[in-house]
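The values are calculated or read from the model by the stated rules, or taken from the named source; none is laboratory data. Keep in mind the model is a prediction, meaning the values are calculated, not measured. Note: areas computed on protein heavy atoms with side chains; ligands, DNA, RNA excluded. Shrake-Rupley method; radii C 1.70, N 1.55, O 1.52, S 1.80 Å.
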Amino acid sequence: MFNDIGPLELVTIIVLAVLVFGPDKLPKVIQDVMRTIRKVREFSESAKQDIRNELGPEFKDFEFEDLNPKTFIRKQLDNDDLGLKEIRNGFDLKKEMAEVTDAVHGRESETPSSSSSSSAGGSGGRVDMIKKPEQPGKDERPPFDADAT
């Protein structure tokens, strides 16, 4: 609840509480605040239980924490039905970045998987970033690029 309160802020709140309420009334104020917090928690738990009872047995797995969008998305992405774990585990960022760097600098990659998996063209299916593209003829139209529009 108070995860973002630092030690200096906590000391400031305590000093202000002592100055406002005084050292003799402070324990009673703390007890009253704690009692109020307990009542609010009990009220919210009973309200949650009433909602669960009203929804019926179809929603027995319903959790109110799922109403938080971050929790809902995290729970859905962890679901194995989509196969995202295999994609996430099969992606090697360092290898991909090394291949991109090698392609930009015009070097051949040292990884055997890239040369064996792509055998199209003389350069192993790689795009030569150094060569300039051929200019179209006078009567030819340049190729259509849907991403450029």
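Observations on the model:
- Using a probe of 1.4 Å on the protein chains alone, the accessible area found for residue 64 is around 40 Å².
- Full-extension gain in nm, residue 94 to residue 45, via 0.36 nm per residue minus C-alpha separation: 12.9 nm
- By a 1.4 Å probe calculation restricted to protein chains, residue 101 has an accessible surface near 60 Å², given to the nearest 10.
- Residues in region 33-50 carry Karplus couplings, in order, of 5, 5, 5, 5, 4, 4, 5, 5, 5, 4, 4, 5, 5, 5, 5, 4, 5, 4 Hz; the curve used is 6.51 cos²θ - 1.76 cosθ + 1.60 with θ = phi - 60°, and Gly or Pro positions show x.
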